[in-house]
């Protein structure tokens, strides 16, 4: 690599926030949805989005230069293959993620990364004077955007995990902190003989009931509201934790695992779906996800060894770590000590 190439590559990384924020604005105004039926001019889009026409054009030509849109003549734009994924009505949509990460609350938290690295504190708490979960509980709009973003991530994750793990060995599974039930519904659809239980906070369960009913799964999946730090439904053959433990520091994660342990049978299995931090100089996705946990929740992504230690402290034995075609791995454990 020449010095000039290195400088250009580094500058692109430094200025990456500009692209991220431009995509966020496009997603917030629903530009991709307005372009779903075909090309339109920036002036037409300004009229339907209530934006300033010359300024919207400047945004859209930048997005075209970044490969999100394609500009033709007379300030007319169409979606590229990448831009199609900003539509809210397509499988694998990334629009909810784009809407989330550009929010002022998220943006300001990342602006306090310096403080977090200097102190070890959670950047979100420093920026807003409260934790992210309390903030979302007090701001329903923020909570809704977050929930939709997590559901969109699950859409791309479910098929990869179902292909990599044999869930047919379980008669019933308990999805702990399962959100609106997207993943559990995919699992049950793929395995008609499996029964499910979805466990989450009361306001989430209200949303999940409608989602499960829309897929005809209400009879095969009970929903239970509660606090996973205290108690989860008992007697499941498998307990699923998708993107849960990484939200918390080790002490809190152990409390969640111990609550699962208390509910399990001796032959039950624990299935955790998360990033596994890889060796040095590799796996940027997981390592930047770890920084995101530092900034937003105060949690962390973990290595295989760290999962092994976490499991051991909660009374589990780590059995295996299985990669999937998605960024997340399947970390499987089983109860090892019923005195916990």
For the range 104-175 and the range 277-300, distance of Cα centres in Å:
13
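Sorted from largest to smallest, which semi-axis lengths in Å does the alpha carbon gyration tensor of the range 139-335 give for its equivalent ellipsoid, taking the root of 5 times each eigenvalue?
Semi-axes, largest first: 24, 20, 17 Å.
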CD proxy, 222 nm, the chain: helix-only mean residue ellipticity via -39,500 (n - 2.57) per DSSP H run with n ≥ 4, per residue, nearest 500, stands at -14500 deg cm²/dmol
Separation of the residue 139 and residue 36 label points, Cα + 7 Å toward Cβ, nm:
2.7
Label model pair residue 305, residue 61: point-to-point distance (7 angstrom along the Cα→beta-carbon line) in nm is 5.3
Going highest first, how would you order 146-153, 214-221 by mean Cβ packing within 10 Å?
146-153, 214-221
What whole number of Å gives the distance from the Cα centroid of the range 17-32 to the Cα centroid of the range 207-264?
34
With 24 Å as the cut-off, how large is the P(r) tail for the chain, expressed as percent of Cα-Cα pairs?
61
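Can you tell me what share of the DSSP beta bridges in the chain is antiparallel? A percent to the nearest 5 is fine. Each step should come with its number before you reach the end.
On the way: 17 of 36 bridges.
Antiparallel: roughly 45 percent of the beta bridges in the chain.
Bear in mind these aren't lab numbers, they're just calculated from the coordinates by the rules spelled out. A quick note: this is a predicted structure, and the numbers were derived from the prediction, not measured. FYI the Cβ positions are ideal-geometry reconstructions off the backbone, even for glycines, and counts take in every protein chain you see.
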